[in-house]
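The values are calculated or read from the model by the stated rules, or taken from the named source; none is laboratory data. From a predicted model like this one, the values you see are computed outputs, not experimental measurements. Remember, those area values only see protein heavy atoms, side chains included, never the ligands or the DNA or RNA. Shrake-Rupley method; radii C 1.70, N 1.55, O 1.52, S 1.80 Å.
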Amino acid sequence: MSVSSTDPPPPPEAVPAHNSATPPADGDGHAAGEDDGAAERSAFSLVLRPLSFGDPLRWLALGWRDFIRCPGIGLFYGACFMGMGWLLMAVFRQAPAYVLALSAGFLLTGPFLCLGLYQASRRLEQGDRPDLGDSLLAWDQRTGTLAIFGFVLLVLEMLWGRASLIVFAVSFDGMPDFKGSMLALLDPENLQFIVAYLLVGGFFAGLIFAVSVVSIPMILDRPTDAITAGLTSLRLVLTQPGVMLCWGALITTLVVLALLPWFAGLLVVGPVVGHASWHAYRAAVAD
């Protein structure tokens with residue numbers, strides 16, 4: 001039988017083209033664009049749960065519970081906060097304008113400083129036993145993202161300090177000493193300075209609070225980027241301003257009261273607020 005009478009050989013198997021709806025996989029086995037789509041969804045489409053005005057008190061109660069369950073970790077961080085307060089007071093005698101801004105920012109940049117406390121609450125939520133070493137190394141899980149977000153907070157703090165310095169410079173002949181600055185704040189003739197300082201401080205404090213209230217716990221808890229975390233936090237504050245304003249006012253009030261007995265109150269108030277901030281994030285941002 002001649003070769004021509006045989007059936008022609010089948011054509012070589014064609015390599016299937018990639019479906020346009022399913023991009024090729026990347027080196028990790030995930031579809032290319034999958035992470036981009038997830039990031040796009042997470043930036044503005046993460047579900048934010050509705051909150052009530054009683055939630056801040058509930059978060060504090062949960063924070064106290066976590067503090068009781070791991071008191072050693074809490075007291076360690078509380079001692080760090082108290083030491084920072086003493087350091088701020090010492091620097092205050094040399095540069096009151098900068099330290100006023102730094103101390104005010106300290107009240108609202110707590111989420112970044114309390115990273116170890118978030119990790120402890122996270123372990124307790126998972127049913128594990130937290131330890132100090134694990135809390136101290138919590139930053140190692142999201143080093144790059146935390147560094148970027150920390151840089152953003154640092155820039156805001158520097159701008160706040162510079163703005164405060166300008167307010168002092170235009171309000172006084174030179175920088176007042178510690179005693180003079182405190183008396184000046186109580187002098188009715190300096191009402192213009194007080195108003196200007198409060199407006200500047202309120203603007204930066206509100207901005208820092210808005211972008212950080214749930215950002216650091218979110219970065220620790222899930223794979224996300226600094227921009228997504230900051231936008232999610234900002235969305236939460238803008239969509240539920242009443243509850244978040246109450247939460248910020250409650251944090252500020254507790255910390256200010258803790259400062260009065262030579263910062264000793266920070267031994268307990270600092271870690272309790274840190275643990276409570278983790279529960280605020282868990283209550284506000286859906287999985």
Apportionment of accessible area to carbon and sulfur, segment 182-287, percent (1.4 Å): 79
Using modelled amide H (1.01 Å from N, peptide plane; none on Pro or chain starts), what sits under 5 Å from the amide H of residue 285, excluding residues fewer than 5 places away? 49
Calculated from backbone phi, Karplus (6.51, -1.76, 1.60) coupling profile of segment 231-245 in Hz, x at Gly/Pro: 5, 4, 4, 5, 4, 4, 5, 6, 8, 9, x, x, 5, 5, 5
Rank these residues by their accessible area, most exposed first, probe 1.4 Å: 129, 49. 129, 49
Could you work out how much longer the chain between residue 190 and residue 65 gets when fully extended? Use 0.36 nm per residue separation minus the Cα distance between them, nm to one decimal. 40.5 nm
Residue by residue, what Karplus-based ³J(HN,Hα) values in Hz, rounded to whole numbers, does segment 151-164 have, using 6.51, -1.76 and 1.60 with θ = phi - 60° and x for Gly and Pro? 5, 4, 5, 4, 4, 5, 5, 5, 5, 4, x, 5, 5, 5
